[in-house]
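The values are calculated or read from the model by the stated rules, or taken from the named source; none is laboratory data. What you see is a predicted model; the values in this text were computed from it and never measured. Cβ sites come from the backbone with ideal geometry, for glycine too, and all protein chains shown count toward neighbours.
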Amino acid sequence: MLDVSFLRAVHAPTKRAFLGASLLAALCVAVPAQAQAPRNFATLAMVAEPQTLDPMASTADLVGTIMQHVYETLYTFDAKWNVVAMLAESLPKVSADGKSYSITLRKGVMLHNGRELNADDVVASLQRWMEQSPRGKAVSKEIDSIKAKGPQGVEIVLKEPYAPLVSQLALPSGMAAIMAKDSIATPLKDFVGTGPYKFKERKPDQFVLLSRFDKYSPRKEPASGYGGKREALIEELRFVPVPNASTRVEGSLAGQYDFADLLPVEALPRLEKAAGKTVPIMTPSFGFPYLVLNTKEGVAANQAVRQAIQTALGEGEMLAAGFGDTRFFVVEPNHFPKGSPFFSTAGADQYNQKNAPKAKEAAAKAGYKGEPIRILTSRQYDFHYNMALLMQEQLKRAGFKVEMNVVDWATLVQRRNDSKLWDIYVTHSGQFPEPMLSPPQLGDGAPGWWDTPAKKAALNAFNTQSDPVKRGALWGKVQEVVYTEVPYINVGKFNGLSAKSPALDNYQPATWPFFWNAKIK
């Protein structure tokens, strides 16, 4: 907080101000000029208050963004989305049958409580991840055992080959965070990791404060994406919840924030004109917005109704409503871009139909009788809300009754776990190189609760195949099932807009913003 006591002195009565000025002048003569101590903290405006600081308890990007500074994973991603080692010494040694993964830990990695990380910490952390995290729960079904092999060795044995394992262990969202064994509890009370920053303080709805960990053990490789050497060059990181997007924009223009996340695209011209005050940042291929449908209960539990909803939607219009500027979105049915081994046009004819009469007829045949379709959304992500408004109109044109439930993001994350409260919710995900990383609906147990024989058959064939070329072809089968059963609807692709202050140096745009290796000039 800014200390304004000196301002009060300046605006005191004239005689007091004169005496103060005289004294100040005398002091300036008597004492040599001192350079002002440099600022070494960063104020980072986030989209909301994190509903938890437990990195395993939520797949929300906000939680992963903050807590990736405190906790690290065995593996992570470099700038080209290749999996690289982080707490592990190197990539695992995999047995010939693809079922056994031998992992050696780096030596000398210090935990925030002052002792060295060991294999028991890793085993306990991964077991907790499989119990607590939606991602971990899905992966646990593939795992036969996890055991420590000496102080620095870990062995993971699978029931069957599972190609995405190492990528799952690398993701910051729903993180397989490695923590001190003696800090493990439910709920977490002590946040003891190995990251370049350690948890210092949280004041709900005000800030989460992280401070530099002086005994951090960095890797020696050059920094690349989330991989390589990490240095805490900024002493303190202050993550501040600023739910209103316009407030984040105005705060950036006023120099109030060193970084402001996920700004509305219509703010770009103002940010571009404010040279010297703020620097707009476009994060290319940031991710994809998608709609999760409740397959468990309610009106959307009927697959034919979900198909009718899909027929009614015009994803192109929704993207235009969400992002406006065509530099920020791409309207295409393929879940992965051209050039990716997972590019496929399977199911493309079901995308962007915007066919109200056909949808209305299909809904009637499915037995739809005017029940309200409850759309759960939030204004913390401006594009979510704008897309939801447009979706509401598209569904109404097709004869559906729609009920909009607009809540803050933390409430949405909480409510989506209750299948009785919603039919569709709006969210987004990063665009990753491994399909099983997102959306969580491809796993088991995530909100939406998609679980069918066709899903299991397609994903089993995909996940047990280790050959990248053959996996690429098998993804088309998965995408076809998604378009047929409609557990979620991939709206398209988008670039992200954020902003930083000129003082924040060496920030690298990323899906989950990170601030190690950055510094305050």
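Restricting region 142-171 to residues that are within 23 Å of TYR226 (Cα to Cα) and of a type in the set (Val, Ile, Thr) leaves a set whose member that is surrounded by the fewest Cβ atoms within 10 Å (Cβ to Cβ) is VAL166.
With a requirement of 3 or more residues that are of a type outside the set (Gly, Ala, Ser), under 26 Å from the mean Cα position of the chain (by Cα) and modelled with pLDDT of 95 or more, the helices (runs of 4 or more DSSP H) lying completely within region 275-394 that satisfy it span 315-323. From the list LEU268, LEU263, the one residue that fits, being touching a Phe, Trp or Tyr at 6+ places or on another chain (Cβ under 9 Å) and either part of a helix (DSSP H, G or I) or surrounded by 21 or more Cβ atoms within 10 Å (Cβ to Cβ) (or both), is LEU268. Looking across region 117-134, just one residue is farther than 17 Å from TYR75 by Cα and in contact with a strand residue (DSSP E or B) (Cβ under 6 Å, 6 or more places away or on another chain), and that is ASP120.
Each row is one residue, and each column tells you yes or no for (1) over 18 Å from the mean Cα position of the chain (by Cα); (2) surrounded by 17 or more Cβ atoms within 10 Å (Cβ to Cβ).
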| site | (1), (2) |
| --- | --- |
| GLY430 | no, yes |
| PRO433 | no, no |
| THR452 | yes, no |
| ALA457 | yes, no |
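Hey, PRO468 hits all of (1) over 25 Å from GLN394 (Cβ atoms); (2) in contact (Cβ under 8 Å) with a residue 12 or more places away in the chain; (3) out of contact with any Pro (no Cβ under 7 Å at 6 or more places or on another chain) but one; which does it fall short on? PRO468 satisfies all of (1) over 25 Å from GLN394 (Cβ atoms); (2) in contact (Cβ under 8 Å) with a residue 12 or more places away in the chain; (3) out of contact with any Pro (no Cβ under 7 Å at 6 or more places or on another chain) except (3).
Inclusion of VAL139 among residues that are assigned to a helix (DSSP H, G or I) and under 21 Å from GLY228 (Cα atoms) is not warranted.
Taken over region 67-83, residues that are at pLDDT 95 or above and either more than 18 Å from the chain's Cα centre (by Cα) or not in a strand (DSSP E or B) (or both) amount to 7. Looking only at region 209-229, residues that are surrounded by fewer than 18 Cβ atoms within 10 Å (Cβ to Cβ), free of Cβ contacts under 8 Å to residues at least 40 places away in the same chain and not in a loop (DSSP other than H, G, I, E, B) come to 2 in all.
Restricting the search to helices (runs of 4 or more DSSP H) fully inside region 406-509 and requiring at least 1 residues that are at positive phi and in contact with a helix residue (DSSP H, G or I) (Cβ under 7 Å, 6 or more places away or on another chain) gives an empty result. Flag: LEU87 does not match the condition of being modelled with pLDDT of 95 or more, within 27 Å of SER340 (Cβ to Cβ) and touching a helix residue (DSSP H, G or I) at 6+ places or on another chain (Cβ under 8 Å).
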